[in-house]
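The values are calculated or read from the model by the stated rules, or taken from the named source; none is laboratory data. Computed from a predicted model, the values in this text were never measured in an experiment. Cβ sites come from the backbone with ideal geometry, for glycine too, and all protein chains shown count toward neighbours. Accessible surface areas use protein heavy atoms only, side chains included; no ligands, DNA or RNA. Shrake-Rupley method; radii C 1.70, N 1.55, O 1.52, S 1.80 Å.
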Amino acid sequence: LKVEPLEIDLGLGKAFKAFHFSDTHLNFFDAVDFSAVERPKKDHFNKRWVRFPQAVQSFYASLDYAKKRNLPLLHTGDLVDFTTDGNDRFLEHNLNGLDLHYAIGNHEYQTRAPEHYDPEPEKPRKRLQKFFKGDLSVSSRIIGGANFVALDNARQNVREETIAGVKAEFERPFPVVLMCHIPPFYTAKFLENSKRATNVWDSYDQKTRDFWTWVQAKPKLKAILCGHTHIAEIDGFSETAQMYVAGGNYEGHAYEITFK
């Protein structure tokens, strides 16, 4: 593992720790998954399998690290590389009983469908829901006097029901830590190091831009935990909050965060 310690001031007065990781990219497929798809998807499965050879070891090492230190687990998406029967079984056998708060990632929307993303996104979301305690659209958990709000922005634009759910959480009397997969805007370091990346803000619809502008103005917001870029970095977001982007957990990256 490559665990980096961080401190985030939430104004609590009493500190606690948590384990933030992202982008594990578990990639199990079985004979049923493989036989159900055409050659291009078979090739895709095989290509992704060799892309993340340390994913399982890094995931188990992360669980062991957090368990030994009694740290709640905060994961910000792409726990699996695609939604398949093979990955379903892995989640069923490994997530039961975990102290895990989860924000869904874009790869959870990739299935056996021929398209890059499933054309019916509600189906993989519903399929995965049984493995997670919180609603994958938006869910919250109070930890140490702070409200950790996980939201689905994995397809970049944020749905109306998710926006409404997040806004309701800001009405509660707690400092807020948002958890989402994609950073609200890409960091300068990521844009410099990725040949494919363009500013994600340019791809948003108007309601999503309005949502993030609204979030920026909320003094209750103290931090945003996210992933997606596979590059660990901290960048500014608002007057009261920074974005904490976790590196790829498939290579052992994670944050041990002291919230105080």
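Can you find, within the range 195-233, the residue that is modelled with the lowest pLDDT among those that are open to solvent by 70 Å² or more (accessible area, probe 1.4 Å) and among the β-branched types (V, I, T)?
Applying the filter and picking the extreme gives T198.
So if I check each of E192, E239, which one is within 30 Å of P53 (Cα to Cα), of a type in the set (D, E) and open to solvent by 10 Å² or more (accessible area, probe 1.4 Å)?
After applying the criteria, what remains is E192.
Please work out which residue is surrounded by the most Cβ atoms within 10 Å (Cβ to Cβ), limiting yourself to the range 29-68 and to residues that are in a loop (DSSP other than H, G, I, E, B) and not aliphatic (A, V, I, L, M).
For the range 29-68, the residue satisfying everything is F29.
Anything in the range 202-213 that is in a helix (DSSP H, G or I), in contact (Cβ under 8 Å) with a residue 12 or more places away in the chain, farther than 13 Å from A241 by Cβ and not β-branched (V, I, T)? List them, or say none. Write out each step before concluding.
Residues of the range 202-213 that are in a helix (DSSP H, G or I), as a first pass: 202-203, 206-213.
Filter again for in contact (Cβ under 8 Å) with a residue 12 or more places away in the chain, leaving 203, 207-208, 211-212.
Subset that is farther than 13 Å from A241 by Cβ: 203, 207-208, 211.
Correct list: S203, K207, F211.
Given the condition open to solvent by 20 Å² or more (accessible area, probe 1.4 Å) and farther than 24 Å from F34 by Cα, answer yes or no: does some residue in the range 111-128 qualify?
No, the range 111-128 has no match at all.
Within the range 134-151, how many residues are farther than 22 Å from I257 by Cα and charged (D, E, K, R)?
Residues flagged as farther than 22 Å from I257 by Cα and charged (D, E, K, R) within the range 134-151 amount to 1.
Within the set of pairs 6+ apart or on separate chains, which have a first residue in the range 117-142 that is over 15 Å from L95 (Cβ atoms), a second that is buried (at least 19 other Cβ atoms within 10 Å of the Cβ) and aromatic (F, W, Y), and C-beta atoms under 7 Å apart?
Y117/Y109; D118/Y109; P121/Y109; P124/Y109; S140/F148; R141/F148; I142/F174
Is there any pair linking a residue in the range 225-242 that is in a loop (DSSP other than H, G, I, E, B) to one that is open to solvent by 30 Å² or more (accessible area, probe 1.4 Å) and of a type in the set (A, V, I, L, M, F, W, C), with Cβ under 9 Å and at least six apart or on different chains, and which?
Correct list of pairs: F237/F185; S238/A217; E239/A217.
Starting from residues that are without any contact (Cβ under 8 Å) to a residue 24 or more places away in the chain and of a type outside the set (G, A, S), keep the ones in the range 151-184 and report whichever is nearest to E122 (Cα to Cα).
Among those residues, the one meeting the criterion is R159.
Are any residues in the range 15-26 in a loop (DSSP other than H, G, I, E, B) and open to solvent by 10 Å² or more (accessible area, probe 1.4 Å), and if so, which ones?
Within the range 15-26, A15 is the sole residue that qualifies.
Can you name the residue in the range 76-89 that is within 26 Å of G247 (Cβ to Cβ) and out of contact with any helix residue (DSSP H, G or I) (no Cβ under 8 Å at 6 or more places or on another chain) and is also surrounded by the fewest Cβ atoms within 10 Å (Cβ to Cβ) among such residues? Don't jump to the end; show me each part of the working.
Going residue by residue through the range 76-89, those that are within 26 Å of G247 (Cβ to Cβ) are 76-84, 86-87.
Then keep just the ones that are out of contact with any helix residue (DSSP H, G or I) (no Cβ under 8 Å at 6 or more places or on another chain); that gives 76, 87.
Numbers: T76: 31, N87: 23.
Across the range 76-89, the extreme among qualifying residues is N87.
State whether the residues of the range 134-147 include one that is touching a Phe, Trp or Tyr at 6+ places or on another chain (Cβ under 8 Å), at pLDDT below 95 and not hydroxyl-bearing (S, T, Y).
yes
What about F131, is it assigned to a loop (DSSP other than H, G, I, E, B), open to solvent by 30 Å² or more (accessible area, probe 1.4 Å), touching a helix residue (DSSP H, G or I) at 6+ places or on another chain (Cβ under 7 Å) and not basic (K, R)?
yes
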